[in-house]
Each structure stands twice: as structure tokens, then as C-alpha cells.
Amino acid sequence: MNLNRTEIEDALANLSPADTKRIKHMSRNYAHGLVYLTAEDLLHEVYVKLLAGERVFPRDSRPVMVVINAMHSVASNCRDREDDGAVNHYTETSTVSQNIEEEDEGDTVTTVMSINEVTPEQRLESKQSFAQIQTLLADDPELQDVATAWGLGIRSVEAANYLGWEMHKYEAARKRLMRRLDAMNKE
């Protein structure tokens with residue numbers, strides 16, 4: 001069963017500061033490399049779609065995860081449209097003037113120079129790794145929170161404070177996360 005518009009408004013308005021920070025961080029990650037959506041645009045579009053009922057907001061789900069999953073979907077759809085569209089957004093064109101020996105007038109030649117430094121193989125590998133980590137952490141919100149803090153570059157006591165946890169809770173979650181990541185790397 002899904003939340004109605006009023007319940008969705010309440011859920012979004014009552015996000016914790018940590019969840020809000022996590023959502024903003026993830027919006028920057030998902031919007032990275034998109035031509036038509038900035039992180040702010042992505043977040044705005046997701047909120048509009050959730051409130052308009054174009055995206056479902058399951059009653060039994062954590063609001064932060066609903067927003068993050070919706071952002072992933074919207075960004076992925078946008079990326080597919082950009083990749084499959086008629087215009088290659090990852091090339092830059094520049095005009096170069098070239099002189100012809102017979103005449104002193106210059107002809108104009110268009111040179112296309114690629115600006116995409118990430119290969120399709122690297123993008124695929126990154127997507128697969130990210131999906132694998134999401135699956136690995138799906139059953140444990142504490143591990144998701146630790147991974148998010150690490151993604152923000154926050155570690156140790158700073159991460160425990162950021163998450164609002166006692167240090168022993170953070171350490172226990174950190175150790176569980178490390179065990180899972182080690183097991184994933186051995187596969």
C-alpha cells in the first residue's frame with residue numbers, strides 16, 4: 001500500500017538532517033555526468049514525481065530509501081535518453097582555420113574532440129559494482145548509513161557523531177561492513 005500526497009509531504013518534511021544530507025550526496029552522485037539534470041534538478045524532479053503520484057511511495061519503506069531509489073531511476077532514465085539520443089553529448093566541437101597555399105583565404109574545418117574521459121567499460125564496471133554493493137547492504141540500514149558516511153569522506157569518531165551513534169555501535173557496524181566488503185572482494 002502506498003502513501004497519499006499528504007502523507008508523502010509529511011514524510012519528506014520530517015526527514016532527519018542525516019537523511020537529507022545523504023539524499024543530497026546521492027543526488028550529486030546520480031547526476032554526475034548528466035547533461036540535462038543537475039543534482040538539484042534531479043532532486044526537484046523526484047519530489048515532484050513523488051508528490052504528483054507518478055512514482056510510488058510504499059507505506060512500509062524508509063522515506064530516505066524511497067527518494068534515493070527514485071533518484072536512481074530518474075537519473076538512469078535520463079542517462080539512457082542521453083546515450084540513445086541523436087546528439088552525442090560527450091563530444092565537443094571546435095572550429096579550426098586552415099590556410100590553402102593557392103589563396104591566402106582560410107577555409108574553415110570543424111574538428112571533433114571527445115571530452116568523455118570515462119570509457120563505456122568503466123561505466124559498466126562502476127554500475128555493476130554499485131549494484132553489487134547496494135544488494136550487499138540492502139538488508140541492513142546501519143551498514144547503508146556507514147557506507148554513506150564513508151562516501152561523504154567521514155570516518156571514525158566523526159562518522160559516529162555524524163550518524164548520531166555511540167562509538168561502539170559505529171564500530172560494530174563498521175566491522176560488519178568490512179566483513180561483507182571483504183567477502184564481496186573474494187568472490
State yes or no: is ALA149 small (Gly, Ala, Ser), part of a helix (DSSP H, G or I), at pLDDT 90 or above and under 17 Å from ASP19 (Cβ atoms)? no
Determine the pairs where a residue that is free of Cβ contacts under 8 Å to residues at least 40 places away in the same chain, located within region 132-150, has a partner that is among the charged types (D, E, K, R) with Cβ atoms under 8 Å apart, the partner being 6 or more residues away or on another chain. ASP140/ARG176; GLU142/LYS169; GLU142/ARG176; LEU143/ARG176; LEU143/ARG180; VAL146/ARG174; ALA149/ARG155
Would you be able to say whether some residue in region 57-69 is of a type in the set (Gly, Ala, Ser) and in contact with a helix residue (DSSP H, G or I) (Cβ under 6 Å, 6 or more places away or on another chain)? no
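Determine if region 41-53 includes at least one residue that is at pLDDT 90 or above, surrounded by 11 or more Cβ atoms within 10 Å (Cβ to Cβ), under 11 Å from the mean Cα position of the chain (by Cα) and farther than 23 Å from LEU124 by Cβ. It would help to see each step written out before you state the result.
The first filter runs over region 41-53 and keeps only residues at pLDDT 90 or above, leaving 41-53.
Of the ones still in play, those that are also surrounded by 11 or more Cβ atoms within 10 Å (Cβ to Cβ) are 41-51, 53.
Next, only the ones that are under 11 Å from the mean Cα position of the chain (by Cα) stay: 42-43.
If we keep only those that are farther than 23 Å from LEU124 by Cβ too, we end up with 43.
Yes: one or more hits.
Before we move on, is VAL157 under 23 Å from HIS72 (Cβ atoms), modelled with pLDDT of 90 or more and part of a helix (DSSP H, G or I)? Outline the logic, then answer.
Numbers: under 23 Å from HIS72 (Cβ atoms): no; modelled with pLDDT of 90 or more: yes; part of a helix (DSSP H, G or I): yes.
Answer is no for this residue.
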When you check VAL56 against the structure, is it in the same structural domain as ARG81 (by TED's automatic domain parsing), surrounded by fewer than 18 Cβ atoms within 10 Å (Cβ to Cβ) and touching a residue at least 12 places away in the same chain (Cβ under 8 Å), yes or no? yes
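Search region 54-71 for residues being assigned to a loop (DSSP other than H, G, I, E, B) and closer than 22 Å to ALA149 by Cβ, and hand back the single one that is nearest to the chain's Cα centre (by Cα). Spell out how you get there, then give the answer.
Of region 54-71, the ones assigned to a loop (DSSP other than H, G, I, E, B) are 54-57, 59-62.
Then keep just the ones that are closer than 22 Å to ALA149 by Cβ; that gives 61-62.
Values: SER61: 19, ARG62: 18 Å.
Restricting to residues being assigned to a loop (DSSP other than H, G, I, E, B) and closer than 22 Å to ALA149 by Cβ, the top hit is ARG62.
Every residue in region 2-20 that is surrounded by fewer than 17 Cβ atoms within 10 Å (Cβ to Cβ) and either on the phi > 0 side of the Ramachandran plot or assigned to a helix (DSSP H, G or I) (or both), please.
Of region 2-20, the ones surrounded by fewer than 17 Cβ atoms within 10 Å (Cβ to Cβ) are 2, 4-7, 9-10, 13-18, 20.
Passing the criteria: ARG5, THR6, GLU7, GLU9, ASP10, ALA13, PRO17, ALA18, THR20.
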Within region 118-125, identify whether any single residue is at pLDDT 85 or above, under 30 Å from ALA172 (Cα atoms) and in contact with a helix residue (DSSP H, G or I) (Cβ under 7 Å, 6 or more places away or on another chain), and answer yes or no. no
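The values are calculated or read from the model by the stated rules, or taken from the named source; none is laboratory data. No experiment lies behind these values; they were computed from the predicted model shown. Positions of Cβ are generated from backbone atoms using ideal geometry, with glycine treated the same way; all protein chains shown enter the neighbour counts.
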